[in-house]
C-alpha cells in the first residue's frame, strides 16, 4: 500500500486533529513520524509547550510521566534526523519538526503552528498540514499557561494529552 495516501489522526483530550503529510518535500521526517506513530511512541504524551498565537509542541516521550516535568522538551527517540528545509511556509496548521540549535537535531518532537510564523521558513522542516480539527488546535492553543522555567510562559496549567496518533488511509 502506498504511504502517500495516509494521514495521521492525532487524538487528544480536546478531540481529533487530522494531518496530511508532505512526503514530496520532507520524506525522511514523514517516514520517521509515521514509524514512531505506528510503534505507539506518541501515545500517552502531551503537548508540553503552548505559545499563544505561535504554536503547540508535543512528541516528547518524557511527557508520559509527570515526574519528568522538569525535563519535558528534552526527550527524544535516541537518534537525530537530517533537516529537510523546504519552501512550504509555516502558516496556521502546519506540522513541523522541533529541534535544538543544531539544524540536524530533530528526532520525535513536533509542533503545529497556531499562526503564520514566516521566520521559521527554511529554518525548520515543515512536513505536513492540518486538514481537519482546527477547533481542537484552537482549544489546545488557548489553554492557560504558566512559566516553564527559563521565563517562557508556555507550560499548560492542565495536561494537554495525546491519547494516540494513528496512521490511516486517507479517505
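Each value in this text was obtained by applying a stated rule to the coordinates, not by laboratory testing. Since the structure is predicted, the reported quantities are computational estimates derived from the model, not experimental observations. For neighbour counting, all protein chains shown are included, and Cβ atoms are generated from backbone atoms with ideal geometry for every residue, glycine included.
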Scoring region 3-169 by relative contact order with C-alpha pairs under 8 Å, at least six apart, yields a percentage of 35
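Label region 57-106 by shape, choosing from rounded, prolate and oblate, from the square roots a ≥ b ≥ c of the eigenvalues of the Cα gyration tensor; if a/c is under 1.5 it is rounded, and otherwise prolate applies when a/b is larger than b/c, oblate when it is not.
oblate
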When 125, 145 are ordered from fewest to most other Cβ atoms inside 10 Å of their Cβ, what list results? 145, 125
Considering the chain as a Gaussian network with a 10 Å cut-off on Cα pairs, which listed residue, 150, 59, 141, attains the greatest mean-square fluctuation? 150
FRET efficiency estimate (nearest 0.05) - Cβ-Cβ, residue 38 to residue 119, R0 45 angstrom: 0.85
Candidates 122, 155, 99; GNM for the chain (alpha-carbon contacts under 10 Å) flags as most fluctuating 122
Note: residue 65 to residue 31 extended length (0.36 nm per residue) minus current alpha-carbon separation gives 9.6 nm
Working from Cα positions, state the angle (0 to 90°, nearest 10) between the long axis of helix 27-38 and the longest principal axis of the chain. 60
